[in-house]
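Have a look at the structure below, then the notes.
The values are calculated or read from the model by the stated rules, or taken from the named source; none is laboratory data. Just so it is clear, the model here is predicted, and its values are computed rather than measured. For accessibility, only protein heavy atoms count, side chains too; no ligands or nucleic acids. Shrake-Rupley method; radii C 1.70, N 1.55, O 1.52, S 1.80 Å.
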Amino acid sequence: PTLYERVGGTVMVSDPANAGQMIEKGRLTLRAVVDSSILVIAGDAQLAPYFPVLFAELGNNNTTGLTALSKNLTDFFCTATGSKNSSYAYTGMSMKAAHDPASNNRMGMKADKADFDKFVGDIGIGLAKNGVTSANNKALVDDLVALLYTTEADMVQR
């Protein structure tokens with residue numbers, strides 16, 4: 001099975017964030033992990049310098065950028081894990097452009113290896129907050145971490 005199938009796949013479930021709507025369980029799982037991870041990353045002093053625009057927006061009670069980040073990252077994970085649902089396709093910038101301040105004015109600076117590793121660790125915390133841990137599903141955690149590391153060459157630019 002694909003990673004997408006392993007995180008819930010195409011089984012339709014009620015969307016707790018949108019009353020009366022259904023969502024694929026795989027997307028719901030990935031969205032929950034993304035949203036938990038964003039909160040972990042937002043509280044991580046080591047990674048905060050990468051998101052000055054987002055934090056300025058949030059300081060002004062503007063959640064538009066946060067909503068867009070959640071959707072884009074969830075779409076990315078859906079596509080990267082094997083979702084076939086075209087509604088969940090990632091259509092954002094390339095990973096290289098998205099993480100280069102010269103191409104994406106929302107990025108505060110280029111990432112280095114230590115911060116990329118910290119980012120992956122924070123995603124791991126987001127997984128754990130949603131019940132996906134090495135203790136209960138080591139293979140899935142390892143495969144999701146390996147997927148993240150496929151983006152390292154594009155994201156680490158200094």
- Binning every alpha carbon pair distance of region 68-158 at 10 Å from zero, what are the percents per bin? 15, 45, 34, 6, 0
- Message: For ALA111, what residues show an amide H to amide H distance below 5 Å, using hydrogens built from the backbone and excluding near sequence neighbours?
- Response: GLN157, ARG158
- Using the Kirkwood radius built from alpha carbon pairs, what does the Stokes-Einstein equation give as D for the chain at 20 °C and 1.002 mPa s, in µm² per second? 132
- Taking the alpha-carbon centroid of each part, what is the distance from region 135-150 to region 55-75 in angstrom? 26
- Message: Using a 1.4 Å probe on the protein heavy atoms, what percent of the accessible area of the chain belongs to carbon and sulfur?
- Response: 58
- Kindly report the accessible area of region 1-102 per residue (heavy atoms of protein chains, probe 1.4 Å, no ligands, DNA or RNA), in Å². 53
- How much accessible surface does ILE125 have with a 1.4 Å probe, in Å² rounded to 10? 80
- Using a Gaussian network for the chain with springs between C-alpha atoms less than 10 Å apart, which of these wobbles most: ASP35, ASP112, ASP100? ASP112
- Query: What Kirkwood hydrodynamic radius, in Å, does region 52-119 give when the mean of 1/r is taken over all pairs of distinct Cα atoms and then inverted?
  - Reply: 13.4
- Query: Straight-line reach from LYS71: which aspartates and glutamates have a Cα under 19 Å away, not including same-chain ones fewer than 8 places off?
  - Reply: ASP15, GLU24, ASP35, GLU57, ASP122
- Task: Binning at 5 Å from 0, report for region 86-131 what percent of all alpha-carbon pair distances ends up in each bin.
- Result: 5, 18, 16, 20, 22, 15, 4, 0
- Listed residues ALA98, ALA89, ALA56, most fluctuating in the chain (Gaussian network, C-alpha, under 10 Å): ALA56
